[in-house]
1. Are there any pairs with C-beta distances below 8 angstrom linking a residue in the range 166-184 that is assigned by TED's automatic domain parsing to the domain that holds residue 147 and touching a residue at least 12 places away in the same chain (Cβ under 8 Å) to a residue that is in a helix (DSSP H, G or I) and surrounded by 15 or more Cβ atoms within 10 Å (Cβ to Cβ), with the two at least 6 apart or on different chains, and if so which?
């Protein structure tokens, strides 16, 4: 394993505008005449990959989960940036996914997607049909006792660089088995999370989290950031040890949902870990109105938030403006010390 520094020296503060002035309406043509395939800015730059690697790949971190705050938030791009940062350090990685990833086009929007690239001597866990389709560039090493909708799950090693598809593993115990199989082969395991599930944020799964926030979630940047707030608040939740003890604390043994919160008659709610906080925008708003504080016994640290300003082909992109809005939201959600990074533009806001 590569010996990484325990602490990365970062600038104390980057001056950001308190408020970003955006035009009320963008004057765009009603219809854009675009070719069938558009070269989209979804691939991380060398500078962006380096920034993310410095923030996340610190000494002792061997399992990193990448979680999207919404659909097409830039999770795959963040994953590729981490792979690139590890490659620069000659660090082999292992890949596993909670959801389906690596497909050329998104099943939801039909937009083209950045494909997942596995470097030579990298490892992965995926469904047998995906591994077989990769041909001789991928060596199937073992079959794992994990069933998926696409068939058996296998452990495989890349004989040469190639694009791969990752098949989702739906149960935490199966995911832990896949991670253990990869960790026996490589120093770094990257877990590709799913936007509608926070299983990858469980303390047994990951030691560090990267959250991706994308502008595509809503027509305006402001609305897109607002939609990411429930995920950000859940993953940046305070720890129980940082709050005053109270005998009136409402302890939730399972998932904290809007329905469970509605039964709460206490001003303090305790969950086992941040992966169990599944409150919606309305749920968090109700908690705020009632003065309810949500804390967790355990929470995996969020090492970085990735800002993705891409919206649709032809739409105007202001990477710095969106980065500033995400930075402000992360601060409000309790992540003042967490860097916000645009891995495509190579920008960082602290």
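The values are calculated or read from the model by the stated rules, or taken from the named source; none is laboratory data. A quick note: this is a predicted structure, and the numbers were derived from the prediction, not measured. As a convention, Cβ positions derive from the backbone with ideal geometry for all residues, glycine included, and neighbour counts pool all protein chains shown.
1. That search, which allows pairs on different chains as well, returns 166/130; 167/130; 169/175; 169/178; 172/199; 175/199; 175/200.
For every residue, the table says whether it meets (1) crowded, with 23+ Cβ neighbours inside 10 Å; (2) assigned to a strand (DSSP E or B); (3) touching a strand residue (DSSP E or B) at 6+ places or on another chain (Cβ under 9 Å).
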position	(1), (2), (3)
124	yes, yes, yes
132	no, no, yes
144	no, yes, yes
157	no, yes, yes
